[in-house]
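Here the structure comes first, spelled out in structure tokens, and everything after it is commentary.
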Amino acid sequence: MEQDIARACEEARRDRASVTLIAVSKTFDASAISPIIDAGQRVFGENRVQEAKAKWPELVAACPGVALHLIGPLQSNKAKDAVALFDAIHSVDRPSICEALAKEINLQNKRPELFIQLNTGEEPQKAGVAPADADAFIASCREKYGLVISGLMCIPPVDQAPAPHFALTAKIAARNGLTNLSMGMSADFAIAIAFGATHVRVGSAIFGHR
Ligand SMILES: *Cc1c(COP(=O)(O)O)cnc(C)c1O
């Protein structure tokens, strides 16, 4: 995986250090994750707060340099656990989550890096802010809730070419002064890197099939 990412960076004429590989360990237990930590990987992604809470505290205690990213949907009643456990949250997408996160960030005095999830394909079953609402939502995160937003995240529709979705995400980020882009998974991380991804979320290509 490391070689594939290095090659994609080279092809995109980008510095390897400008792309963070998030190893998505959802559904895999500690016995599958430990060898990946031992191999030197330090950034991991999970899509469910409860699952992460059950398996990660022990792993983090054994390797304090590990960073955890929440890449799946967040409910406001899980904001407390999410802020306590995660170093980054990629699924900020509605006012109730902003409010719950702002409250916990203040209470816990902890500042996870925050990404706003866009629903670039406008798929009804998918979480995320519609592209047309993105500018206003980003502004309200900042002004109304006092959140520091790091970047945007997207998950292109499975049945479409991802490139236009990555390009749109990059464009909305640029016009809002956001530098980080969480985009690209096992099947399309190289394309995402060509479109400026700073965080690629790779699961099955590292851990195998789920
Ligand atoms: C599962 C998941 C991934 C990783 O997907 P792979 O195809 O296994 O690389 C990336 N992003 C999100 C939001 C996910 O839920």
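Quick look at the values:
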quantity	calculated
Test: residue in the stretch 154-164 that is farther than 24 Å from Asp4 by Cα and buried (at least 19 other Cβ atoms within 10 Å of the Cβ)	no
Answer from Ala190, Ala197 - the residue that is of a type outside the set (D, E, K, R) and in contact with a Leu (Cβ under 9 Å, 6 or more places away or on another chain)	Ala197
Pairs with Cβ under 6 Å, 6+ apart, first in the stretch 191-203 and closer than 9 Å to Ala8 by Cβ, second more than 15 Å from the ligand (Cβ to nearest atom) and assigned to a loop (DSSP other than H, G, I, E, B)	Ile193/Ala12; Ala194/Ala12
Subset of the stretch 163-210 [outside any helix (DSSP H, G or I), more than 15 Å from the ligand (Cβ to nearest atom) and of a type in the set (Val, Ile, Thr)]	Thr179
Residue under evaluation Asn47, criteria (1) modelled with pLDDT under 95; (2) within 16 Å of the ligand (Cβ to nearest atom), criterion not met	(1)
Checking Pro64 against (1) away from the ligand (no atom under 16 Å from the Cβ); (2) assigned to a loop (DSSP other than H, G, I, E, B); (3) closer than 25 Å to Ala130 by Cα, the condition it does not meet	(3)
Qualifying position, being within 16 Å of the ligand (Cβ to nearest atom) and closer than 26 Å to Asp135 by Cα, among Ala88, Ala100, Ala79	Ala88
Residue pairs meeting the criteria (Cβ under 7 Å; at least 6 apart or on separate chains; first assigned to a loop (DSSP other than H, G, I, E, B), in the stretch 15-35; second among the acidic types (Asp, Glu) and surrounded by 14 or more Cβ atoms within 10 Å (Cβ to Cβ))	Ser25/Glu46; Lys26/Glu46; Lys26/Glu51
Unique match (being aliphatic (A, V, I, L, M) and within 16 Å of the ligand (Cβ to nearest atom)) among Val158, Val148	Val158
Filter result for Leu107 (over 24 Å from Phe189 (Cα atoms), surrounded by fewer than 14 Cβ atoms within 10 Å (Cβ to Cβ) and more than 16 Å from the ligand (Cβ to nearest atom))	yes
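The rows are residues; the columns are (1) within 28 Å of Gln3 (Cα to Cα); (2) in contact (Cβ under 8 Å) with a residue 60 or more places away in the chain; (3) surrounded by fewer than 20 Cβ atoms within 10 Å (Cβ to Cβ); (4) of a type outside the set (D, E, K, R).
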residue	(1), (2), (3), (4)
Glu46	yes, no, no, no
Glu51	no, no, yes, no
Val66	yes, no, yes, yes
Lys80	no, no, yes, no
Phe86	yes, no, no, yes
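A quick yes/no check of all residues on (1) more than 11 Å from the ligand (Cβ to nearest atom); (2) of a type outside the set (D, E, K, R):
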| residue | (1), (2) |
| --- | --- |
| Arg16 | yes, no |
| Val19 | yes, yes |
| Val24 | no, yes |
| Ser31 | yes, yes |
| Ala39 | yes, yes |
| Val43 | yes, yes |
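The values are calculated or read from the model by the stated rules, or taken from the named source; none is laboratory data. Keep in mind that what you see is a predicted model, and the values were worked out from it rather than measured. Here the Cβ is made from the backbone with ideal geometry for all residues, glycine too, and neighbour counts use every protein chain on show.
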